[in-house]
Amino acid sequence: MTGGVVSGLGKGITAASLGTLLKARGYKVTLQKFDPYFNVDSSHLSPYQHGEVFVTADGAETDLVIGHYERFINECLTEKSDITSGRVYSTVIENEREGKYDGSTVQVVPHITDEIRNQLLKFDDDTIVIVDVGGTVGDIECTPFLEAFKQLRVLAGADNVAYVHVSYVPFIEMSGEQKTKPTQHSVKELQNVGIQPDVIVCRSDYPLETGSKKKMAAFCNVHTDCIIENLTSDHILEIPMMLEREGFASAVLRKLKLDEREADLDGWKSVLKLAYAAEKTHTAKIAVVGKYVEMHDAYVSLYESVKYAAIDTRVRYELIGVCSDKIDKHALEKISKCDGIILPAGFGERGFDGKVLVAEYARKHDIPCLMIGLGAQAGLIEFARNVAGLKKAYSHEFDSNSECPVVKRGLVSFKKGACVTFVKSGTKLAEIYGSDKIRMRHRHRYEMNEDYAEALEKAGLTVSGGSEEGHIDAFELRDKKFHVGVAFQPEFESKVGYPDKLIRAFLLASAKPVK
Ligand code: GLN
């Protein structure tokens with residue numbers, strides 16, 4: 001799947017939707033993203049650049065689109081689903097240093113292009129791999145990827161590869177016309193590298209006119225029924241349904257000479273029905289307090305999780321972003337009008353004091369508060385300082401010589417991926433997850449310090465979860481409606497129709513009946 005004309009067309013969601021539709025037909029499906037940038041993975045990328053870093057169960061730090069894939073096909077993906085030019089080139093250079101190329105001159109073709117195909121997931125005969133090629137066709141950077149995948153048709157056999165091109169069809173308000181020329185040009189670019197698209201998905205704000213479809217079919221050499229309309233939608237979960245009505249999956253299956261089967265989309269439809277039609281019996285206004293709140297993509301998994309939880313619980317909710325490095329009287333007033341507070345994960349000192357202040361505010365006013373990662377560390381430090389009398393409580397992350405490291409360097413230098421948390425029975429956490437052992441995804445260097453557990457418990461806190469290394473993984477306050485901190489990030493576990501239980505419980509604790 002390639003993208004044309006401009007970036008930001010939602011190609012990732014289109015790919016994820018195709019996954020949903022093929023899976024609904026009983027096909028085994030997986031997804032892979034090939035990105036043209038040179039970062040080897042997303043670990044060093046600022047949220048300002050690419051939004052959230054999504055963590056897979058095997059501990060890879062990936063592009064946020066991997067999160068959409070997981071949520072849409074309801075499966076866990078791995079490190080192998082997120083390939084970048086950085087990964088490909090560094091492998092080739094390593095191979096060269098090890099003398100693996102028999103003295104030959106190492107070049108983009110064939111060495112880089114071969115390595116790109118090497119990174120394709122190995123799969124069973126009956127698995128469909130949806131390969132989402134990042135970048136825009138025509139960019140210098142994505143040319144090696146296009147070259148590699150062009151060769152695939154010959155190597156794998158014509159019926160085993162389908163090319164989908166996601167393009168843009170603008171509408172010029174002034175002349176009142178829909179324009180297909182950008183798509184024609186972008187398909188020409190694709191044909192220049194030897195790829196003839198089989199299906200063209202047209203992103204558009206308005207329905208495609210019959211004339212536009214015909215024109216694109218003729219100029220781009222594609223059947224009219226393989227021109228798929230992909231209208232702008234304000235609900236992400238609508239997109240697979242819309243593409244199903246357009247015959248997207250069927251067009252792809254025809255090209256692959258695979259059986260068209262009936263799609264079982266009942267589960268998905270019932271989620272949508274709940275989202276739209278179900279009466280909302282409760283409402284909740286939720287404050288999200290973090291330093292990237294002005295950027296939607298920085299907390300996208302969290303927002304999606306809250307959405308799925310709200311659908312499931314019939315809660316009408318509103319998210320209010322509050323910037324954690326500006327927690328003044330004004331900000332607290334805004335928070336005071338909210339029914340619940342989320343302190344999300346994060347790195348670095350900026351905004352940390354704000355999170356500490358908000359955790360204190362939530363505790364004092366008994367506003368339901370879900371604290372995740374750095375948010376939980378802030379909540380623990382707040383409690384230590386203000387309730388347990390540990391005035392100097394702090395984190396090794398911000399003061400490596402802290403004399404009261406309530407948050408300390410962990411035994412594992414950087415904990416990433418799914419790990420076990422032992423849940424203490426009788427706690428809220430145990431009740432929510434219904435288990436004494438859970439496996440959740442982590443991404444942190446620092447740990448809530450078990451050496452202070454006794455002092456904190458004496459002051460009224462309950463350690464509700466511990467890690468295999470013995471660190472504090474979760475805590476809660478007994479006498480509050482909902483004041484829960486967790487080292488792991490529950491938002492990475494939610495799938496469409498299956499919201500994470502902790503986020504769901506938090507939302508329910510925050511919600512109040514509609515008057
Ligand atoms: N920065 C903190 C750490 O590394 C918290 C990370 C997180 O929020 N997951 O421990």
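None of the figures in this text is laboratory data; all of them are computed from the coordinates on show. Just so we're clear, the structure is a prediction, and the values are computed from it rather than from any experiment. Every residue, glycine among them, receives a Cβ derived from its backbone with ideal geometry; neighbour counts consider all protein chains shown.
With a simple spin-label model that places each label point 7 Å from the Cα along the Cα-to-Cβ direction, the separation between residue 498 and residue 156 comes to 2.6 nm. Centre-to-centre separation between the Cα atoms of the range 271-319 and those of the range 145-185: 34 Å. Using all pairs of distinct alpha-carbon atoms, the Kirkwood hydrodynamic radius of the range 111-189 works out to 14.8 angstrom. For a label point 7 Å from the Cα of residue 127 along Cα→C-beta, name the residues of the range 152-166 whose backbone N is under 17 Å from it. 161, by backbone N distance to the label point. Here the label points at residue 424 and residue 512, each 7 Å from Cα along the C-beta direction, are separated by 3.1 nm in the simple model. Of the GluC sites (Glu not before Pro) found in the range 288-368, the ones in coil according to DSSP and having at most 14 other Cβ atoms within 10 Å of their Cβ are 294, 349.
Across the range 53-161, Cα-Cα pairs farther apart than 16 Å form 65% of the total. With the convex hull of the Cα atoms taken as the outline of the chain, the averaged projected area works out to 27.1 nm².
Any idea what angle helix 300-313 forms with the longest principal axis of the chain, computed on alpha-carbon atoms, 0 to 90 degrees, nearest 10? Taking Cα atoms only, the helix is inclined about 80 degrees. Counting only the Cα atoms, the range 362-496 fills a convex hull of 105 Å³ per residue. At the listed q of 0.13, 0.24 Å⁻¹, the Debye profile of the range 419-515, built from one uniform point per Cα, gives log10 I(q)/I(0) equal to -0.46, -1.39.
Would you mind getting me the FRET efficiency between residue 117 and residue 451? Use the beta-carbon distance for r and R0 = 41 Å, nearest 0.05. Using R0 = 41 Å, I get an efficiency of 0.20.
Principal axis extents of the Cα atoms in the range 1-94, from largest to smallest and rounded to whole angstrom, are 41, 34, 26. Could you tally the net charge around residue 278, taking each other residue with its Cβ under 15 Å from the Cβ of residue 278, Lys/Arg +1 and Asp/Glu -1? Local charge sum for residue 278: +4. Separation of the alpha carbons by more than 27 angstrom is noted, of 392/458; 80/215; 273/415, for 80/215; 273/415. Here's the list of aspartates and glutamates a cross-link from residue 28 could span, going by alpha-carbon distance under 12 Å and ignoring same-chain residues fewer than 8 apart: 75, 124, 125, 126. Compared with the alpha-carbon gap, the fully stretched path from residue 139 to residue 188 is longer by 16.3 nm at 0.36 nm per residue. Between helix 143-156 and the chain there is an angle of about 60 degrees, using the helix long axis and the longest principal axis of the Cα atoms. Taking the fewest neighbouring Cβ atoms within 10 Å as the starting point, the ordered list for 172, 73, 335 is 172, 335, 73. Between residue 101 and residue 223, residue separation times 0.36 nm minus the direct Cα-Cα distance comes to 39.6 nm. Candidate cross-link partners of residue 364 among the aspartates and glutamates, defined by an alpha-carbon separation under 17 Å and a same-chain spacing of 8 or more, comprise 328, 333, 339, 353, 382, 476, 479.
Using r as the Cβ-Cβ distance of residue 280 and residue 323, and R0 as 25 Å, what FRET efficiency do you calculate, to the nearest 0.05? So the FRET efficiency works out to roughly 0.30.
Taken over the range 77-135, the convex hull of the Cα atoms encloses 112 Å³ per residue. Our helix-only sum for the chain, with -39,500 (n - 2.57) per DSSP H run of n ≥ 4 divided by its residues, gives a mean residue ellipticity at 222 nm of -10500 deg cm²/dmol. With a Förster radius of 35 Å applied to the beta-carbon distance between residue 242 and residue 431, the computed FRET efficiency rounds to 0.35. Listed by chain and number, the lysines whose alpha-carbon sits under 17 Å from that of residue 291, ignoring those within fewer than 8 places in the same chain, are 326, 334, 355. If you take the alpha carbon atoms of the range 139-278 and fit the smallest convex hull around them, that volume is 141 Å³ per residue.
One chain, two ends: residue 231 and residue 260. Fully extended at 0.36 nm per residue, the span grows by 8.0 nm beyond their Cα-Cα distance.
Each listed q (0.09 Å⁻¹) maps to a log10 I(q)/I(0) for the range 260-394 from the Debye sum over equal C-alpha point scatterers, namely -0.33.
Every pair of different Cα atoms in the range 359-429 enters the Kirkwood calculation, which places the hydrodynamic radius at 13.9 Å.
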